[in-house]
1. Tell me yes or no: at least one residue of segment 90-102 is of a type in the set (Gly, Ala, Ser), modelled with pLDDT of 95 or more and over 26 Å from residue 129 (Cα atoms).
2. Those residues that are free of Cβ contacts under 8 Å to residues at least 40 places away in the same chain, closer than 18 Å to residue 96 by Cα and surrounded by 21 or more Cβ atoms within 10 Å (Cβ to Cβ), I need them from segment 20-63; list them, please.
3. Loosely packed, with under 12 Cβ neighbours inside 10 Å and of a type in the set (A, V, I, L, M, F, W, C): is that true of residue 141 in this structure?
4. Looking at 104, 125, which is the one that is charged (D, E, K, R), surrounded by fewer than 20 Cβ atoms within 10 Å (Cβ to Cβ) and touching a Gly at 6+ places or on another chain (Cβ under 7 Å)?
5. Considering 48, 74, which residue is at positive phi and under 21 Å from the mean Cα position of the chain (by Cα)?
6. For segment 67-82, check the following and say yes or no: at least one residue is in contact with a Phe, Trp or Tyr (Cβ under 9 Å, 6 or more places away or on another chain) and surrounded by fewer than 17 Cβ atoms within 10 Å (Cβ to Cβ).
7. With (1) surrounded by fewer than 16 Cβ atoms within 10 Å (Cβ to Cβ); (2) acidic (Asp, Glu); (3) within 30 Å of residue 197 (Cβ to Cβ) as the list, and residue 132 as the residue in question, which single condition is left unmet?
Amino acid sequence: MKAEATVFVVDDDPLVRRSLERLLGSVNLPVRSFSMAREFREGYDPTGPSCIVLDVRMPGMSGMELQKQLTAEGVTTPIIFISGHGDISMVADAMRGGAIDFLEKPVSPQRLLDRVQDALTQDRENRCSHAEHDALAARLASLSPREHEVVDLVVTGMTNKDIATKLGVSSQAVDAHRMKAMRKLGADSVAALARLVVESRLPAGARFLSRTHARACEKGFSHEQENPPKADSHEHMRARRDSRTSTSNDSRTSN
């Protein structure tokens with residue numbers, strides 16, 4: 001079953017919350033709203049893909065303080081800050097803390113929708129990367145001690161003969177252990193084996209997601225459509241018509 005994406009809105013202004021709920025709901029994105037950071041902490045469910053649209057100034061814990069708490073706890077859910085009181089120092093702190101963006105109120109509807117889609121894509125990819133990392137760790141854990149030894153030496157570039165000499169076993173035994181390890185890890189070549197070992201030693205978030213892996217993530221966590229939804233569609237269509245008319249007039253003038 002596919003996990004549904006959720007947008008968490010945290011803002012003490014009820015008018016802003018209702019406006020964001022309507023905007024996000026218009027493109028079929030589930031929304032959960034909270035009036036303060038403490039309420040969010042009590043109701044936050046990190047199990048599915050999500051992002052947080054977070055006000056900076058609120059009663060009690062501020063948005064910046066909430067970001068710091070989440071970061072300290074290892075929560076990587078992308079955050080989009082919104083504020084009517086931002087300054088350069090505040091924006092810099094938010095971005096250094098890992099925020100996706102810092103938007104000034106009143107927020108452009110399309111700008112916010114675009115950044116929310118970016119944030120949800122990032123969260124899906126992060127979750128997929130962590131899932132792949134955990135699956136690879138489990139496969140590595142299934143190797144026997146001898147298979148581990150052989151794999152570690154193979155990826156250094158040593159030949160079967162050199163490994164056999166180092167371990168005091170036959171070349172045929174080394175080859176058998178290598179083949180078993182490659183089957184368990186799903187590697188079809190020594191190069192693939194080396195790549196898996198290197199990836200297993202990287203933090204999950206630092207692993208590179210190929211396009212194939214990214215598509216697999218989207219299949220597992222997908223909620224949005226392939227083309228991100230657009231707000232103010234009538235205005236966009238009018239702008240395109242005006243652009244085409246202008247281009248046509250310019251062409252006739254040049255002729």
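The values are calculated or read from the model by the stated rules, or taken from the named source; none is laboratory data. Remember, predicted model here, so these are calculated numbers, not experimental data. With ideal geometry, Cβ positions are generated from the backbone for all residues, glycine too; neighbour counts draw on all protein chains shown.
1. Scanning segment 90-102 turns up no residue that is of a type in the set (Gly, Ala, Ser), modelled with pLDDT of 95 or more and over 26 Å from residue 129 (Cα atoms).
2. The one that is free of Cβ contacts under 8 Å to residues at least 40 places away in the same chain, closer than 18 Å to residue 96 by Cα and surrounded by 21 or more Cβ atoms within 10 Å (Cβ to Cβ): 56.
3. Details: loosely packed, with under 12 Cβ neighbours inside 10 Å: yes; of a type in the set (A, V, I, L, M, F, W, C): yes.
So residue 141 passes the test.
4. 104
5. Working: 48 fails: at positive phi.
Answer to the check: 74.
6. There is at least one residue in segment 67-82 that is in contact with a Phe, Trp or Tyr (Cβ under 9 Å, 6 or more places away or on another chain) and surrounded by fewer than 17 Cβ atoms within 10 Å (Cβ to Cβ).
7. For residue 132, the exception is condition (1).
Per-residue answers, yes or no, for (1) within 28 Å of residue 5 (Cα to Cα); (2) out of contact with any helix residue (DSSP H, G or I) (no Cβ under 7 Å at 6 or more places or on another chain); (3) not assigned by TED's automatic domain parsing to the domain that holds residue 72:
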{"position": "95", "(1), (2), (3)": "yes, yes, no"}
{"position": "100", "(1), (2), (3)": "yes, no, no"}
{"position": "126", "(1), (2), (3)": "yes, no, yes"}
{"position": "169", "(1), (2), (3)": "no, yes, yes"}
